[in-house]
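Asker: My questions all concern the structure below.
The values are calculated or read from the model by the stated rules, or taken from the named source; none is laboratory data. Bear in mind the structure is a predicted one, so any value in this text is a computation, not a measurement. Here the Cβ positions follow ideal geometry from the backbone for every residue, glycine too, while neighbour counts run over all protein chains shown.
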Amino acid sequence: MNKSVRKAVIAGNWKMNKTPAQTTALIQELAPLTKGQDGCDIVVCTPFVDLANALEATKGTNIKVGAQNVHFEAAGAFTGEISAEMLCEMGVEYVIIGHSERRQYFGETDETVNKRVKAALASGLTVILCVGEMLDERENGITNEIVAMQTKMALLGVTADQMNKVIIAYEPVWAIGTGKTATADQAEEVCAFIRSVLADLYGEEAAKTVPVQYGGSMNAGNAAELLAKENIDGGLIGGASLKPADFAKIIQAAQN
Ligand code: 13P
């Protein structure tokens, strides 16, 4: 099975939650629960101001740290922005790019997603690239067109070699924070489709090695069924990643 060539990645997207002190406390509670759970990569993506505390608290653990966005320029007059070099120098290894909340509320476009992806990869960050359809797009039967377009636009100019630092997160917008999860079959169908898009772009062999996560109301109760699917290689978890016991259960479900 191809799934066995890919290591699952369980990543928490904390969104705009937790202060620095709360970050330290959450990771101190989480770390003992993830000990020895090395069957998947574990990442927490915190707000920028929490990254230093997250990096300190995760020292000596199997938990890695990611940011939730990155600017595409290297430096300059971009008030309020954070560069890839800044993140790398801190020790941050991952970055979420193109989350639907950034697309919906902060003017993120396929073009700016692509610029961020290229800047992040050039600096050596591992990218968690988010794609996913809105409810009306699903209802109109254009889910595949939307995720294919988002995936292809985001990866314009990204080479096959660079794909070993790319994770795709399929996040149907209608399932985010709604408690309404895609069924395991629905999620598998789109994740498999995304892999076929990657195969078109980079060839079958490369496509086999790229982790494709599911995100959208994944929790301790539904993770095992989702993660058992052939093309679902982990999860990008919002709400449940803020509860150490629940996040640890999802990590446990990803061990096989
Ligand atoms: P929830 O798990 O809260 O639905 O959020 C999913 C998500 O947006 C992760 O990036």
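The rows are residues; the columns are (1) surrounded by 17 or more Cβ atoms within 10 Å (Cβ to Cβ); (2) within 30 Å of residue 5 (Cα to Cα).
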position	(1), (2)
47	yes, no
61	no, yes
65	yes, yes
98	yes, yes
106	no, no
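Asker: While we're here: Please pick out the residue among 148, 182, 187 that is within 16 Å of the ligand (Cβ to nearest atom) and in a helix (DSSP H, G or I). Step through it out loud before you land on a result.
Answerer: Numbers: 148 fails: within 16 Å of the ligand (Cβ to nearest atom); 182 fails: in a helix (DSSP H, G or I).
Among 148, 182, 187, only 187 is within 16 Å of the ligand (Cβ to nearest atom) and in a helix (DSSP H, G or I).
Asker: Quick one: in the range 18-33, which of the residues that are touching a Ser or Thr at 6+ places or on another chain (Cβ under 7 Å) and not charged (D, E, K, R) is farthest from the ligand (Cβ to nearest atom)? Give the derivation first.
Answerer: Filtering the range 18-33 for residues touching a Ser or Thr at 6+ places or on another chain (Cβ under 7 Å) gives 18, 23, 27, 31.
In the following step, the residues that additionally are not charged (D, E, K, R) were identified as 23, 27, 31.
Values: 23: 17, 27: 18, 31: 21 Å.
Among residues in the range 18-33 that are touching a Ser or Thr at 6+ places or on another chain (Cβ under 7 Å) and not charged (D, E, K, R), the one farthest from the ligand (Cβ to nearest atom) is 31.
Asker: Could you look through the range 217-247, keep only residues that are over 17 Å from the mean Cα position of the chain (by Cα) and among the small types (Gly, Ala, Ser), and pick out the one that is surrounded by the most Cβ atoms within 10 Å (Cβ to Cβ)?
Answerer: At the first step, the residues of the range 217-247 found to be over 17 Å from the mean Cα position of the chain (by Cα) are 220-222, 224-225, 228-230, 243-246.
Then drop every residue that is not among the small types (Gly, Ala, Ser), which leaves 220-221, 224, 228, 245.
Working: 220: 18, 221: 13, 224: 15, 228: 14, 245: 11.
Once the filter is applied, the top-ranked residue is 220.
Asker: May I pose another question? Select from the range 149-169 the residues that are among the small types (Gly, Ala, Ser) and crowded, with 17+ Cβ neighbours inside 10 Å and write down the one among them that is farthest from residue 234 (Cα to Cα). Steps first, answer last, please.
Answerer: Here is the first cut: in the range 149-169, the ones among the small types (Gly, Ala, Ser) are 154, 157, 160, 169.
Subset that is crowded, with 17+ Cβ neighbours inside 10 Å: 154, 169.
Numbers: 154: 20, 169: 9 Å.
Among residues in the range 149-169 that are among the small types (Gly, Ala, Ser) and crowded, with 17+ Cβ neighbours inside 10 Å, the one farthest from residue 234 (Cα to Cα) is 154.
Asker: Please name all residue pairs, on different chains or six or more residues apart, with Cβ atoms under 6 Å, provided the first residue is in the range 233-256 and is assigned to a helix (DSSP H, G or I) and the second residue is more than 10 Å from the ligand (Cβ to nearest atom) and of a type in the set (Ser, Thr, Tyr).
Answerer: 251/34
Asker: Here is a further query. Residue by residue through the range 229-256, note down the ones that are β-branched (Val, Ile, Thr) and either within 14 Å of the ligand (Cβ to nearest atom) or within 12 Å of residue 3 (Cβ to Cβ) (or both). Steps first, answer last, please.
Answerer: First pass over the range 229-256, keeping only residues β-branched (Val, Ile, Thr): 232, 237, 250-251.
Answer for the range 229-256, where residues must be β-branched (Val, Ile, Thr) and either within 14 Å of the ligand (Cβ to nearest atom) or within 12 Å of residue 3 (Cβ to Cβ) (or both): 232, 237, 250.
Asker: Does residue 165 count as away from the ligand (no atom under 16 Å from the Cβ), of a type outside the set (A, V, I, L, M) and over 30 Å from residue 251 (Cβ atoms)? Even if it seems obvious, please write down each step before you answer.
Answerer: On the way: away from the ligand (no atom under 16 Å from the Cβ): yes; of a type outside the set (A, V, I, L, M): yes; over 30 Å from residue 251 (Cβ atoms): no.
In short, no.
Asker: Could you check, for the range 139-146, whether at least one of its residues is on the phi < 0 side of the Ramachandran plot, surrounded by fewer than 19 Cβ atoms within 10 Å (Cβ to Cβ) and modelled with pLDDT under 95?
Answerer: Yes, the conditions are met somewhere in the range 139-146.
Asker: Among the residues of the range 206-216, what is the count of those that are under 16 Å from the mean Cα position of the chain (by Cα) and either part of a helix (DSSP H, G or I) or within 14 Å of residue 34 (Cβ to Cβ) (or both)?
Answerer: Step one: list which residues in the range 206-216 are under 16 Å from the mean Cα position of the chain (by Cα), which gives 209-216.
When the remaining residues are screened for being either part of a helix (DSSP H, G or I) or within 14 Å of residue 34 (Cβ to Cβ) (or both), the result is 209.
Total satisfying the criteria: 1.
Asker: Condition first: away from the ligand (no atom under 13 Å from the Cβ) and in a strand (DSSP E or B). Now tell me which residues in the range 1-17 satisfy that. Please lay out each step first, then the result.
Answerer: Residues of the range 1-17 that are away from the ligand (no atom under 13 Å from the Cβ), as a first pass: 1-8.
Of everything in the range 1-17, just one residue is away from the ligand (no atom under 13 Å from the Cβ) and in a strand (DSSP E or B), namely 8.
Asker: Turning to a different aspect of this structure: I'm trying to understand the selection: among the residues of the range 212-228, which are more than 10 Å from the ligand (Cβ to nearest atom) and over 17 Å from residue 131 (Cα atoms)? Reasoning before the result, please.
Answerer: Within the range 212-228, the first condition is being more than 10 Å from the ligand (Cβ to nearest atom), and the residues that meet it are 212, 220-228.
Of everything in the range 212-228, those that are more than 10 Å from the ligand (Cβ to nearest atom) and over 17 Å from residue 131 (Cα atoms) turn out to be 220, 221, 222, 223, 224, 225, 226, 227, 228.
Asker: When you go through 105, 94 one by one, which is the residue that is farther than 19 Å from residue 236 by Cα, within 13 Å of the ligand (Cβ to nearest atom) and not aliphatic (A, V, I, L, M)?
Answerer: Details: 94 fails: farther than 19 Å from residue 236 by Cα.
One residue alone meets the criteria, 105.
Asker: While we're here: Test residue 252 against the stated conditions and say whether it is surrounded by 15 or more Cβ atoms within 10 Å (Cβ to Cβ) and over 13 Å from residue 8 (Cα atoms).
Answerer: Working: surrounded by 15 or more Cβ atoms within 10 Å (Cβ to Cβ): yes; over 13 Å from residue 8 (Cα atoms): no.
So residue 252 fails the test.
Asker: Given 141, 107, which one is farther than 22 Å from residue 231 by Cα and part of a loop (DSSP other than H, G, I, E, B)?
Answerer: Values: 141 fails: farther than 22 Å from residue 231 by Cα.
One residue alone meets the criteria, 107.
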